[in-house]
There are 2 protein chains.
Amino acid sequence: MKEQQMRVTFQPQGRSVSVLRGTTILEAAARAGLVIETPCGGAGTCGKCRVQVTANVNAPTAADERVLSATELNEGWRLACRYRVEAPVTVHVPETSLFGSEHQILATAESNVPKEVLPAIRKSYVELSPPTLEDDGPDLLRLEQSVGAFKADLPVVRHVAATLRAHGFKGTAVLADHRLIDFEVGDTRDRCFGVAFDIGTTTMVGELLSLRDGRELGVVSRMNPQVSFGDDVLSRIKHAATCAGCLDDMRLAVVRELAGMIDALCAEAKIGREHIYEAAFAGNTTMEHILCGVNPAQLGELPFVPAHARGLLVPAVELGIPIHHGALAYVFPIIGGFVGGDTVAGMLATRMDRIDGPALMVDIGTNGEIVLAHNGSFLAASTAAGPAFEGARIECGMRGTHGAIEKVFFDGDVRMEVIGNGPPAGICGSGLIDLVAELLSHGIVSPEGQLLSKHELPQGLPPAIAKRIQTGNDGDGRFVLFGGSSGRAKPGIILTQRDIREVQLGTGAIRAGISILLRKAGIGVSDLKSVLIAGGFGNFIRRSSAQRIGLLPAGIDHQKIRYVGNTSLAGAKVALLSTEARRQGEELARRVKHVDLSTAEGFHEEFAEAMLFPS
Amino acid sequence: MKEQQMRVTFQPQGRSVSVLRGTTILEAAARAGLVIETPCGGAGTCGKCRVQVTANVNAPTAADERVLSATELNEGWRLACRYRVEAPVTVHVPETSLFGSEHQILATAESNVPKEVLPAIRKSYVELSPPTLEDDGPDLLRLEQSVGAFKADLPVVRHVAATLRAHGFKGTAVLADHRLIDFEVGDTRDRCFGVAFDIGTTTMVGELLSLRDGRELGVVSRMNPQVSFGDDVLSRIKHAATCAGCLDDMRLAVVRELAGMIDALCAEAKIGREHIYEAAFAGNTTMEHILCGVNPAQLGELPFVPAHARGLLVPAVELGIPIHHGALAYVFPIIGGFVGGDTVAGMLATRMDRIDGPALMVDIGTNGEIVLAHNGSFLAASTAAGPAFEGARIECGMRGTHGAIEKVFFDGDVRMEVIGNGPPAGICGSGLIDLVAELLSHGIVSPEGQLLSKHELPQGLPPAIAKRIQTGNDGDGRFVLFGGSSGRAKPGIILTQRDIREVQLGTGAIRAGISILLRKAGIGVSDLKSVLIAGGFGNFIRRSSAQRIGLLPAGIDHQKIRYVGNTSLAGAKVALLSTEARRQGEELARRVKHVDLSTAEGFHEEFAEAMLFPS
């Protein structure tokens, strides 16, 4: 099947992404940084994710017909979770379908939340009166009279006088926090951009923004090229120590990829890189260290101490980011060795300091970061969830892209949904969680995580399912999801005993982390008023499956669980658009108490217990 | 005669310079940045300039014997203005012999004058407790707990963690205005230096300072290599416009020379360039523009508008100054097109805002800058005095160095003093002023500036002097100071009619400027409470001669005239040692009203009148 890119444009947000044919609008929106509400977990039942497709609309699905009225269907309304993109479309996303975080940040009535876009970068178009004998003040003082006091960068001091004289004393001053970084010919106020990045261990996402009005102009996502040096942070830390140039190799790999992402964003939005004046970066501690060229060696040794903690505001050229020559780069503040700027960004994006607590945020990535807000204080921990949920270290695992089995349920036999609707190529995180949940519910996997052998299987298991339990050449059990057969060279798409162990480790680590934080705060699961699931793929997890395997504790009402999407990117965006938010982020980072789980009292017992799937 | 360098060391100031054999201690001190009191103008009569030569002392001169007691003579006390260096010596300069400006700035009891050295650069030696499981805070936060909050430069973020771990969590933090620019191994607090520069049109002077205690560690003076592009600021401005690379050629010429001066200072003080963390520069508007690579084109056109005005604080590497990689460079604020950072530095060094006014400062260089302080406000103007007083554009002119006739008086015949006591090679500024004053007093030059012909000479002129008035090949009159004779190929050292015109222009411009400023302030010469003569050679001018030729207005009591030396350098030094003084300088610069003499009402009449020497 030929891979085909389809353009999906979201209005009134003005964002667009290219996705593979067959991608759901829900997923496309997530990739564009729009978090659509899905209280039912994308099951097509709650109707909250309704969007309007304005042309070339697909025929309604059964779910659409169940939930939406005939008039709505005629008007192009569809469920975003069910709609698979078959042609380039423009999608109207009503405010009511969007998850609240973004509005809480930039548009709510909360007291000290910035209501306007007030970034560090400010442009002022001026028409100055040319100097005369009576009014012979220096050029930059004349400019200050129009735009307010500033300090000037040397490159702009060098050209401002000639620019003023060649262009009738008119032009646009570019100020970064009261520092004059450029003086441009003509009125360039509509060319004032910034770029926000989430630097994940596995995935990097960038978003181009107008710094004039906060409008989003494009999103781009790429693999972190450092995966070739190892798939988790510890292997990156180790690699940095293996040779003199290894740290810089990794740094340059990321910087090159970022440059490519910026190029792609600029090409898409038809703007010049020289009109991007600031970049904001949120990533975990190790990713931020490597981005900044700071050796992460000590992050690999007890007591896991980061070099820097406060946000770094440095010239973008010093990081090698090819944007405006006077541009700034803001790298998010760090909480501790494994709780980094991405967590701070998440707290900032979701305003965890204002949520009615107790509240829990779980960011599921290669590391699972957990933050508990209670009584105005914050506890944070990081768990080595491993890259299983991102498809790595799983026999037939893959990222949530074309060909990935992203949903699994048992209905007499295995039913599945594949991204792109073609034959499956592997299984991604959400499919994996579904599958393990179903295997547990049907008694095929024991609470201890043992894939039972044929003779141990419970009574009454549908034969089509029982048939899929086989023994591999290694003598271990396996569950055949698609194709293949026992002893054959091509085993098809299978789930191995080892895969189940990886899932067990990941869920166990996260659940034990949650337990320790709750215990430290002296509260229980039932006290939680909300649970925020963050992370690029979080949106596609079904809550019931996540609770079935113990990734989230049982006993939390589904209504309390919200998917908040890529909060690392959202936080970077907020920091780019508001220096006040940035200040709040710095303050938040210092308010968080970092809990080192590996040395926390009772962690090993909790972890051992959490390794058991709920029965 | 072989030129021979002699080392003169001043105590307790701890400064030293190398001078040519025969240089007076007064001049050597001036070159070392020490301004010795000379109310008599260096005539050997007032005894204020007494110093003690601790070994290898010369025999007393007649002046010494007149002024000092036998005991004092035995103890090595001598008059600095009479003592010619014949061997390397150490000179004790008592507080009472020093001109007050330096002490007024850094050591007086005046209310808001900094009593301590409080530079932007601060070093703190720390011994941190290494992180533990219980105390796992990030490295830079740990450092902040010891040295206070800072923002960190990327290069230091990159190495601080490794440096801490390799050296037991001990080392020296280098902070520049709450920015961490380095973290050094060991305790380096005694290696904390800064360098102050006066960038003159003709001469550049640099001084190395300890930023820990303000101690001076050396002074070096060089020609501004830009003189090869023209001897005044207008020719430099023109040269910058002649080719694309011409501005940069001039900039690089200065930067290379500065690098050489820094090397010389470092070698002399036996320190490393990497321990110089800040440089401060004061120069006229054009010199500062060129130093910063800012095209001075508009300074050559009405209404003579500078590009920048506020002091520039930029990374030293951006100026190309080879000191510490994170060092700062401070370039003095500018008042107007021809009243620059050197004037601001002068006002700061002499604390003109605190002087009991009305007070006048005249800085005699290639430009003559004039500042009038009255009733808390300041007027400043610049006059194109021309480089005559620095020896340029004078037939036999030269700088005040070996072989220069630096003093002239008539006593039956011409008597003169030559720097180095050898045969004269030319005449420098102070000698030129003396000579013209004597020619006027003896009626040989008319008030109109006409060198009279033999038959016009007054009665009773000593024959030895009358004989020196000759007619050159061009038919113009000339005064033969040394050697030569009329019509011979080698005319000796002469003063031409054209030379007298140059002196007339220089003195006329300065005196007219003084008149205009006084008139604008509504006061007269007799209202002035003090007149400060600044500039590298100012110290060597005899007040009576300066008043005789009209360089300074008649009617000012000699006691009111003070020589304050190179105040541009002194101001740069003060700014380097105190951020508070720097702030005051910025404020002073903005309080000064810039008077453009060329368009000032009545200037041309004043100038025409001032072109007449006083009768």
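Things worth noting here:
- Here, the protein assembly as shown is characterised by an Rg to Rh ratio of 1.14, where Rg is the alpha-carbon radius of gyration and Rh the Kirkwood radius.
- Solvent exposure ordering (accessible area, 1.4 Å, most first) of A:Met250, A:Met416: A:Met416, A:Met250
- B:Ser228-B:Thr599 FRET efficiency (beta carbon distance; Förster radius 30 Å; 0.05 resolution): 0.40
- One compactness figure for chain B is 1.02, namely its Cα radius of gyration divided by 2.2 N^0.38 Å.
- Extension gain, A:Cys46 to A:Phe409, is 128.8 nm, computed as 0.36 nm per intervening residue step minus the present C-alpha separation.
- A:Ser69 sits among other residues whose Cβ lies under 13 Å from its own Cβ, and their net charge, with Lys and Arg +1 and Asp and Glu -1, is -1.
- Net dipole in debye of chain A [+1 Lys, Arg Cβ; -1 Asp, Glu Cβ; about Cα centre; nearest 20]: 900
- Chain B versus the axis that turns it onto chain A: the residue with the nearest Cβ and the distance in whole Å amount to B:Pro315, 5.
- 7 Å along Cα→Cβ, label-point gaps from A:Thr132 to other copies, nm, shortest first: 7.5
- Between A:Ser69 and A:Val525, the contour length at 0.36 nm per residue exceeds the alpha carbon distance by 160.3 nm.
- Close amide H contacts of A:Gly283 (hydrogens built in the peptide plane, cut-off under 5 Å, sequence separation of 5 or more or a different chain): A:Ile199, A:Phe332, A:Gly341, A:Asp342.
- The mean number of Cβ atoms from other chains found within 10 Å of a Cβ in peptide A:298-307 is 6, as a whole number.
- Distance violations [Cα-Cα > 24 Å] among A:Lys151/B:Lys151; B:Lys123/B:Lys151; A:Lys151/B:Lys238; A:Lys573/B:Lys151; B:Lys529/B:Lys593: A:Lys151/B:Lys238
- Nitroxide proxy distance, nm - points 7 Å out along Cα→Cβ at B:Asn421 and B:Thr132: 7.4
- Nearest-10 value in Å² for the accessible area of B:Met223, using the 1.4 Å probe: 80
- Largest to smallest in accessible area, the residues A:His455, A:His325, B:His239 fall in the order A:His455, A:His325, B:His239 (1.4 Å probe, all protein chains included).
- At R0 = 35 Å, FRET efficiency that the Cβ-Cβ distance of B:Gln145 and A:Arg7 yields, to 0.05: 0.10
- Based on the reciprocal of the average 1/r between different C-alpha atoms, the Kirkwood radius for segment B:180-231 equals 13.2 Å.
- In summary, the aspartates and glutamates within cross-link reach of B:Lys270, defined as a Cα separation below 17 angstrom excluding same-chain residues under 8 places away, comprise B:Asp190, B:Glu207, B:Glu216.
- Cβ-Cβ FRET estimate between A:Ser453 and A:Glu86, R0 fixed at 60 Å, reported to 0.05: 0.85
- Exposure ranking of B:His374, B:His167 by accessible area [1.4 Å probe, largest first]: B:His167, B:His374
- Ratio of the Cα radius of gyration of segment B:255-361 to 2.2 N^0.38 Å, where N counts its residues: 1.22
- Hydrophobic long helices, here whole DSSP H runs in chain B with Kyte-Doolittle means of at least -1.0 and Cα atoms spread over 30 Å or more along the helix axis, are found at B:246-269, B:497-521.
- For B:Glu72, solvent-accessible area (1.4 Å; no DNA, RNA or ligand), Å²: 50
- Each copy carries A:Gly168; placing its label point 7 Å along the C-beta direction from Cα gives inter-copy distances of 7.1 nm, listed from smallest up.
- The heavy atoms of A:Glu301 present about 100 square angstrom of accessible area, all protein chains included, probe 1.4 Å.
- Sorted from shortest to longest, the distances between the B:Gly602 label points of this copy and the other copies are 9.1 nm, with each point 7 Å from Cα along the line through the beta carbon.
- Over chain A: helical MRE at 222 nm, DSSP H runs n ≥ 4 each giving -39500 (n - 2.57), nearest 500: -8500 deg cm²/dmol
The values are calculated or read from the model by the stated rules, or taken from the named source; none is laboratory data. Because the structure is predicted, anything quoted here is derived from the model rather than measured. Cβ: placed from backbone, ideal geometry, glycine included. Neighbour counts: every protein chain shown. Ligands, DNA and RNA are stripped out before the accessible areas are found, and what is left, the full protein with its side chains, is counted by its heavy atoms. Shrake-Rupley method; radii C 1.70, N 1.55, O 1.52, S 1.80 Å.
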